[in-house]
Every structure is written in structure tokens, then in C-alpha cells.
Amino acid sequence: RKEVEQDPGPFNVPEGATVAFNCTYSNSASQSFFWYRQDCRKEPKLLMSVYSSGNEDGRFTAQLNRASQYISLLIRDSKLSDSATYLCVVIGGFKTIFGAGTRLFVKA
Amino acid sequence: DAGVIQSPRHEVTEMGQEVTLRCKPISGHDYLFWYRQTMMRGLELLIYFNNNVPIDDSGMPEDRFSAKMPNASFSTLKIQPSEPRDSAVYFCASSFQVGQVGSPLHFGNGTRLTVT
């Protein structure tokens, strides 16, 4: 089993749709969690941190479920510009593990 | 804030040649990471440094790869001799701390390496 697993997609959604991604992790001692966005041929960029209480940034909501060992990212009212690959990142025991990423295509 | 700076942006070389990739982390960051990304394998951690000291190099593919960090503001990743299977995008990233919320990795633009 991989340390961090994501559904690779692709997710194809129309503009305005709500889409959710999940990411599961195997190390129960993991301490920090993030979502990154990567555009084609570009570097990964931090989208948002994931806090135990859940957090929201505009149209984006991130949640952590420690009991089930997964994090989620919800995108509301999706825009064409949201098309990208979304990577979850789990840090624990001085190891930073990236998920393989989920491809999202938002279509007009 | 200049961000993480990598050079060159693109490198095309012939098999057997030496390749040196360079990275300048964000000032004040005490962790530096080298990653490799391919379509087949995704993002792979090659090595990371803390305060200029290599901490984990278990991701370095083989002896042809070496990395150094002579000071807090500069690191190199060297491949000698290069092979076609080394073709990938190599990212450098830096952070304040590992394992603390609010200390994510910041990536450079990457070096796209093509070995023919």
C-alpha cells in the first residue's frame, strides 16, 4: 500500500460544478497536511494547509479526518482556471510525501 | 521575495555527459529538497538537507547522482554520467521546518532535463 494515495482521475466537470477529492495516508503519526496545485509544465504551488478543524479559503474547503486517515478538498462553483492537477502532501516523521495527484478538467 | 531560484531552466545533453543543476533556496529556510518528476513516477524525493547537512538521500537513484549544499544559499545536484532515463523535470524546494503546520515547501520553477 502506498503511503499516500489519491484517485488519479481525471475528473471532468462543467463550470459551476462542485467537485471533491480525497487523499488517504497510511502513517497515523502524520502531523501536517497540505493541498498543492500544479499546472501543466509548472512547479507545484501551495493551495492551502489542512487543519484538524477544517478550513476554507473562498471556494475551496479542506478537511482532515484523522480517525479514517484521509484529507479532502472541495471546490465549489468551479472555474475553467481551476483545471490543474491537485496534489495532497502529508508530513510525518520528517518525511514529506506527495500523492500522485488528481487531474481536474473544468469545461465550459 | 525572490522565491526558490533554479538554473538552468532547460538542459539538453548527450548521454554520458555531466549535468549540474543549481538551486538557491529562499533566504532563512533551513530545509532544502531535490525532487524529480516524470509522467510515469510522479514526484520523487531524491534528497533533502537540513542546515546544509544531507539528512536523507535514500531517494537518490544510484551513484551517478550526487548532491551538495556548501552553504545556506546554494545547492547542486550532479549527474555523471547522464543517461536517457534521467530525462525529467528536477525541482528544488525549501521550507522553514518539516512537520509544522504553516511550513509548507516552496518550489522553484524546475529544470527540464533531456538526455539524448
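The values are calculated or read from the model by the stated rules, or taken from the named source; none is laboratory data. Just so we're clear, the structure is a prediction, and the values are computed from it rather than from any experiment. Please note: Cβ atoms are built from the backbone with ideal geometry, for glycine as well, and neighbour counts cover all protein chains shown. Surface areas here come from the heavy atoms of the whole protein model, side chains and all, with no ligands, DNA or RNA. Shrake-Rupley method; radii C 1.70, N 1.55, O 1.52, S 1.80 Å.
General observations
- Here B:Asp57 meets the list (1) at pLDDT 95 or above; (2) under 14 Å from the mean Cα position of the chain (by Cα) almost entirely, failing just condition (1).
- Top-ranked residue in segment B:95-116 [being at pLDDT below 95 and more than 9 Å from chain A (Cβ to nearest Cβ); ranked as nearest to A:Phe94 (Cα to Cα)]: B:Gln97
- Across segment A:44-56, not a single residue is classified as open to solvent by 80 Å² or more (accessible area, probe 1.4 Å) and touching a residue at least 40 places away in the same chain (Cβ under 8 Å).
- Scanning segment B:34-52 for residues that are more than 11 Å from the chain's Cα centre (by Cα), at the interface with another protein chain (Cβ under 10 Å from one of its Cβ atoms) and touching a residue at least 12 places away in the same chain (Cβ under 8 Å) returns B:Leu43, B:Asn50.
- Residue list for segment A:63-108, filter: open to solvent by less than 80 Å² (accessible area, probe 1.4 Å) and of a type in the set (Phe, Trp, Tyr): A:Tyr70, A:Tyr86, A:Phe98, A:Phe105
- Scanning segment A:57-108 for residues that are of a type in the set (D, E, K, R), within 13 Å of chain B (Cβ to nearest Cβ) and over 17 Å from A:Phe11 (Cα atoms) gives a single hit, A:Lys95.
- Odd one out for A:Gln6 among (1) open to solvent by 20 Å² or more (accessible area, probe 1.4 Å); (2) touching a Cys at 6+ places or on another chain (Cβ under 7 Å); (3) farther than 23 Å from B:Gly110 by Cβ: (3)
- Selection count, segment B:56-77, where residues are within 30 Å of A:Asp39 (Cβ to Cβ) and open to solvent by 70 Å² or more (accessible area, probe 1.4 Å): 3
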